[in-house]
Amino acid sequence: MNFQLTPNQEALRKEFDDFFREEMKHAPLMAAGENVYDRDEPFTFHCHLAREMGKRGWLSMAWPEAYGGRNAPIIDQLLFNEVRGYHRAQGVDVQGVCMLAPTLLVSGNEDQKQEHLPPIAGGETFWCQGWSEPNAGSDLASLTTRARRDGDDYIINGQKTWTSNAHRTDWCFLLARTDPEQARHRGLSFFLIDMKSPGITLRPLQTMDGAHHFNEMYLDDVRVPARNMVGAENKGWYVTLMTMNFERSNIGAFSEAQRDLEDLIAFCRETRRNGRPLFEDVLVRRKLADLATTIEVGRMMAYNVAWLQEQGDLPADKASAIKVYSTEMGEKVAFVGCDIMGLYSQLQYGSKWAQLSGRFAVAYQHCLTLKIAGGTSEIQRTLIATRGLGLPRSD
């Protein structure tokens with residue numbers, strides 16, 4: 001592949017960079033890594049960014065124009081995600097933009113596309129994902145939430161958990177069991193649910209640091225119009241597997257890691273230990289160099305994934321490989337950052353002694369979840385082994 005950008009792509013990258021440099025001047029003060037869904041002020045700014053990016057068509061660059069897109073190549077979307085990640089800017093509804101929209105573009109009917117895709121592209125509606133349950137996480141096919149047909153509606157009963165951002169969202173896409181007689185994934189259906197529907201109850205699931213990102217969601221006789229089913233009844237599992245050729249390189253993780261590395265290098269230049277700057281310590285320099293190499297390798301992998309998508313070829317094992325690499329890189333950045341910063345890495349935002357806004361203290365606490373959310377590293381490695389390497393499944 002050719003890694004060199006065209007003049008138009010360079011100009012586009014500069015346009016993104018200029019926009020985020022200006023907008024992030026107005027970002028509210030937040031702890032490093034703070035969830036924008038916790039407090040009103042960060043969430044309001046998140047919504048503002050979403051609308052501004054939506055006006056420019058940046059949330060949906062590769063989509064068809066009929067649904068709010070620009071028919072742009074995958075590489076343009078990659079450049080946007082790379083620059084946005086470097087500036088640590090919010091404004092992208094991951095569940096709506098990156099998960100539901102590609103699904104609707106492939107599996108939704110025309111009415112569903114016209115109703116839901118333009119508001120997502122414009123940054124006007126936000127979505128949550130109703131998949132995980134108390135006893136159905138990685139083994140999603142074992143979920144028990146039930147949907148029963150009643151005239152022109154389905155009546156849904158059950159419980160979902162770890163429902164990210166549900167307390168701030170407008171809609172939910174949800175899997176429910178419509179045929180309990182069929183085995184596991186064969187009896188599931190895919191629904192779009194208005195979060196204002198009667199019968200939905202949310203309870204916050206706070207993390208150990210007090211953040212409110214996750215929720216429990218209870219559904220008691222929730223009526224959902226049958227027209228809000230995506231795909232055929234009992235075929236919801238296959239709907240979840242059908243996504244369009246959407247940018248899947250995870251480039252934002254690598255550009256944000258690059259920003260973390262630059263901040264860590266600046267800390268090492270300014271901080272003295274044993275009478276000399278940390279940056280002069282051979283062991284510290286070696287660790288920084290190793291991080292720089294790890295991040296750059298990931299960045300090249302991300303560009304390769306985008307290039308493969310442009311060619312219409314992205315095997316599942318490639319997507320799994322980039323997911324494993326990026327999340328384990330995130331853990332490495334957190335661990336090495338805390339190691340270099342020493343006791344400073346234990347101080348959170350708000351302490352007068354905290355360095356880098358407490359970024360690495362937060363990263364250390366959250367990095368393990370990166371290898372679980374979106375499919376554990378163990379599951380991704382199984383996909384790489386079976387689909388990529390052709391290895392047999394164990395009995």
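The values are calculated or read from the model by the stated rules, or taken from the named source; none is laboratory data. Note that the coordinates shown come from a computational prediction; the quantities given were computed from them, not determined experimentally. Neighbour counts run over all protein chains shown; Cβ positions are idealised from the backbone, glycine included.
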Kindly indicate whether Pro42 is part of a helix (DSSP H, G or I) and free of Cβ contacts under 8 Å to residues at least 60 places away in the same chain.
yes
For Ser357, the lone unmet condition from (1) touching a strand residue (DSSP E or B) at 6+ places or on another chain (Cβ under 7 Å); (2) crowded, with 20+ Cβ neighbours inside 10 Å is (2)
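Surrounded by fewer than 22 Cβ atoms within 10 Å (Cβ to Cβ), of a type in the set (S, T, N, Q) and not in a helix (DSSP H, G or I), is that true of Thr125?
Numbers: surrounded by fewer than 22 Cβ atoms within 10 Å (Cβ to Cβ): yes; of a type in the set (S, T, N, Q): yes; not in a helix (DSSP H, G or I): yes.
Spelling it out, Thr125 is indeed surrounded by fewer than 22 Cβ atoms within 10 Å (Cβ to Cβ), of a type in the set (S, T, N, Q) and not in a helix (DSSP H, G or I).
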Here the residues within region 237-294 that are in a loop (DSSP other than H, G, I, E, B), under 27 Å from the mean Cα position of the chain (by Cα) and among the polar types (S, T, N, Q) are Thr243, Asn245, Ser249, Asn250
Exception for Val92 within (1) in contact with a Cys (Cβ under 8 Å, 6 or more places away or on another chain); (2) closer than 27 Å to Arg146 by Cβ falls at (2)
Restricted to region 2-32 and to residues being crowded, with 16+ Cβ neighbours inside 10 Å and among the small types (Gly, Ala, Ser), the residue farthest from Leu347 (Cα to Cα) is Ala27
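Residue-by-condition table, conditions (1) over 27 Å from Asp111 (Cβ atoms); (2) of a type in the set (Lys, Arg); (3) at pLDDT below 95; (4) assigned by TED's automatic domain parsing to the domain that holds Thr207:
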| site | (1), (2), (3), (4) |
| --- | --- |
| Arg13 | yes, yes, no, no |
| Phe19 | yes, no, no, no |
| Cys47 | no, no, no, no |
| Ala50 | no, no, no, no |
| Lys55 | no, yes, no, no |
| Trp63 | no, no, yes, no |
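The rows are residues; the columns are (1) assigned to a helix (DSSP H, G or I); (2) farther than 26 Å from Leu278 by Cα; (3) among the small types (Gly, Ala, Ser).
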{"position": "Asp317", "(1), (2), (3)": "yes, yes, no"}
{"position": "Ser326", "(1), (2), (3)": "yes, yes, yes"}
{"position": "Met329", "(1), (2), (3)": "yes, no, no"}
{"position": "Gly342", "(1), (2), (3)": "yes, no, yes"}
{"position": "Ser345", "(1), (2), (3)": "yes, no, yes"}
{"position": "Ile372", "(1), (2), (3)": "no, yes, no"}
{"position": "Ile384", "(1), (2), (3)": "yes, yes, no"}
From the option list Gly108, Gly91, Gly96, single residue qualifying as surrounded by 21 or more Cβ atoms within 10 Å (Cβ to Cβ) and in contact with a Ser or Thr (Cβ under 8 Å, 6 or more places away or on another chain) is Gly96
